[in-house]
Amino acid sequence: MGFEVRDVQGKIELAGASFKEGKFSDAKKAYVEILRKNPTNYSAIFHLGQIALLSNHLEDAQKWLTKALDLKPKEQAPKSLLGEVFYRRKEFLKAAPLFRSAGGAEGTVKAKKLESFKGVYPYQIEGETNVSHVKFVLTDPLPVVQVQVDDSKPVNFFIDTGGGEVVLDTEFARELEIVQFGSEGGIFAGGKKADYQHGKVDSFRIGDFRINNVPVNILPIRHFSEPIFSGLQVDGVIGTVLLYQFLATLDYPHSQLILRRKSESNLKMVEAEAKDQKSVIVPFWMAGDHYMVAWGKVNSSIPLIFLVDTGLAGNGFTCPRSTLEEANIELQENMASEGIGGGGKVKAIPFKVNKLSLGNTQEENIQGVYLDNFPFENAFGFHVGGLISHEFFKNYVLTLDFVGMRYFLKRK
């Protein structure tokens, strides 16, 4: 009996090591093997739920996380992850009590917002078309499109997969008298912290689509207008959560955002086009509500998990100190400057990447920037070696498939 206990514990440690390295398939196999010997092992059950959620396999995630809570009803982590399952399904009234129970004051604020959707369907998409092409107002330093919020005039929002829910500028939200539910603390570029407000809007119009009942965050955005967008006023951000509602394509070479309804026929069409064009397919996973990660390499490094965050204006890569050392990257300290992120001013030290890859795509001579602090390195329970961004993608047509959890990448 003692031997079996040690054997299970050893397998748990090996499975945990695989998970920390981002080897989710290996970890999953190990946890399943553990359950064959010990069907009520909490660690294995919880991590199987976590891996299922990372893979966006929501039914499996719900099954495992519910079992984890049955075993340990007071544990906060499975409550948060199960809340995320229901959030991705747009079952806000089921998600709310889980976030409230797991998250203290900030969880209460998020729960209040989600509870306000009682009687309405979030992200309800209206429009006679199946596909909408939205031209970029700008492509560099970040893609900007025009949208309308409630009854506003057309305004400029930039696209940033590093963002979660739609973000409204604080003044813009005040002008529109957007309902607000309270604040939550966030972590932004360089590890800077800032509070943002939770709110919701009745409608969000982009291209040929009107999206009703949209949760939003509220944060100062207009101050990016001068230093980043050369004076073009930007009033908000389109993040990954809105793109998640569609089969979305960031077509940088043709300066357009393509939004397709999530349907089997549209997905088949995209798959056929990707096959004809010999697009590269890159699997990805998603932590939280929007943190997409995929395998890549920098210079001659070992394979590393990268955050795919398109919103790093003027740069293609940032990373922690550990990756600088792994990839033999030297910082250009004499060219250090002051940048600006969602949490305020940050020290920015440039560097050059000789080779940067995401899956089987590779670009050379990519501009990078070191921001003193890389808060995502161990934030999700697995190691994140860097963040790949705009300068890498600007020669690509990038399609996000949240059903198959893969990117289609075609270089022009």
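Decide, for the range 124-272, between rounded, prolate and oblate: order the square roots of the alpha carbon gyration tensor eigenvalues as a ≥ b ≥ c, take rounded if a/c falls under 1.5, and otherwise choose prolate if a/b is larger than b/c, else oblate. Could you put the intermediate results ahead of the total?
Details: a/c = 1.67, a/b = 1.40, b/c = 1.19.
Prolate, since a/c reaches 1.5 and a/b exceeds b/c.
Under a cut-off of 28 Å between alpha-carbon atoms, report the lysines in cross-link reach of K268, not counting same-chain residues fewer than 8 places apart.
Result set, ordered by chain and number: K90, K135, K278, K394, K410, K412.
Under the rule of -39500 (n - 2.57) per DSSP H run of 4 or more residues, summed and divided by the residues of the chain, what mean residue ellipticity at 222 nm is obtained, to the nearest 500 deg cm²/dmol? Show your work: numbers first, answer last.
Working: 13 runs with 135 residues, N = 412.
Calculated mean residue ellipticity at 222 nm is -9500 deg cm²/dmol.
Picking from Q76, I51, N41, whose Cα lies most toward the positive end of the charge dipole for the chain (charges on Cβ: Lys, Arg +1; Asp, Glu -1)?
Farthest towards the positive pole: N41.
Separation between the N373 and L14 pseudo-spin-labels, each 7 Å from Cα along Cα→Cβ, expressed in nm?
3.9 nm
At Q146 and K268, where each label point lies 7 Å from the Cα along Cα→Cβ, what is the point-to-point distance in nanometres?
With each label placed 7 Å out from Cα toward Cβ, I get 3.7 nm.
List the pair-distance distribution P(r) of the range 2-115, using every Cα-Cα distance, as the percent of pairs falling in each 10 Å bin from 0 up to the bin containing the longest distance, rounded to whole percents.
All Cα pairs, binned at 10 Å, distribute as 16, 41, 30, 12, 2, 0 percent.
Which value, in debye to the nearest 20, describes the size of the charge dipole of the range 275-411 about its Cα centre when Lys and Arg Cβ atoms bear +1, Asp and Glu Cβ atoms bear -1, and nothing else is charged? If you can, show how the numbers build up before the last one.
On the way: 12 positive and 14 negative charges, 91 e Å.
For the range 275-411, the charge dipole is close to 440 debye.
Subtract the Cα-Cα distance of Q362 and D7 from 0.36 nm times their separation in residues, and report this length gain in nm to one decimal.
Values: separation 355, 0.36 × 355 = 127.80 nm, distance 4.20 nm.
Gain on stretching Q362 to D7: 123.6 nm.
Using a 10 Å cut-off around each Cβ, can you sort R174, R36 from fewest to most neighbouring Cβ atoms? Let's see the in-between values first.
Working: R174 12, R36 8.
Exposure proxy ranking, most exposed first: R36, R174.
Measuring from centroid to centroid over Cα atoms, what is the spacing of the range 214-249 and the range 16-49 in Å?
Centre-to-centre (Cα) distance: 38 Å.
Sort the range 275-411 into rounded, prolate or oblate with this rule: let a ≥ b ≥ c be the square roots of the eigenvalues of the Cα gyration tensor; rounded if a/c is under 1.5, and if a/c is not under 1.5, prolate when a/b is larger than b/c, oblate otherwise. Before the final figure, lay out each step's value.
Numbers: a/c = 1.68, a/b = 1.45, b/c = 1.15.
It comes out prolate by the Cα gyration axes.
Show me 131-143, 82-94, 232-244 ranked by packing, highest mean number of other Cβ atoms within 10 Å first.
232-244, 82-94, 131-143
Report, ordered by chain and residue number, the aspartates and glutamates lying within cross-link reach of K67, taken as a straight Cα distance under 14 Å and ignoring same-chain residues fewer than 8 apart.
Those aspartates and glutamates meeting the cut-off are E59, E75.
Run a plain Debye calculation on the chain (Cα atoms as equal point scatterers, no solvent) and give log10 I(q)/I(0) at q = 0.13, 0.14 Å⁻¹, rounded to two decimals, same order as the q list.
Once normalised to I(0) and log-transformed, intensities are -1.21, -1.40.
Would you order T108, T323 from fewest to most other beta-carbon atoms within 10 Å of each residue's own beta-carbon?
Numbers: T108 16, T323 25.
Listed from fewest to most nearby Cβ atoms, that is T108, T323.
Counting Lys and Arg as +1 and Asp and Glu as -1, each charge on the Cβ, what is the dipole of the range 2-115 about the Cα centre in debye, to the nearest 20?
Numbers: 21 positive and 14 negative charges, 63 e Å.
Roughly 300 debye, rounded to the nearest 20.
Choose one of L358, G381, V369: the residue whose Cα lies farthest towards the positive end of the charge dipole of the range 349-412 (beta-carbon charges +1 Lys, Arg; -1 Asp, Glu; about the Cα centre).
L358
If you take the beta carbon distance between R210 and T108 as r and set R0 to 35 Å, what does 1/(1 + (r/R0)^6) give as a FRET efficiency, to the nearest 0.05?
0.70
Dipole size in debye (nearest 20) for the range 119-238 around its Cα centre, Lys and Arg Cβ +1, Asp and Glu Cβ -1? Walk me through the numbers before you get to the answer.
Numbers: 9 positive and 17 negative charges, 43 e Å.
Computed about the Cα centre, the dipole is about 200 debye.
Computed from the coordinates by the stated procedures, all read-outs in this text should not be read as laboratory data. All figures in this text were calculated on a predicted structure; none of them were measured in a lab. Reconstructed Cβ throughout: ideal geometry from the backbone, glycine too, with neighbour counts over all protein chains shown.
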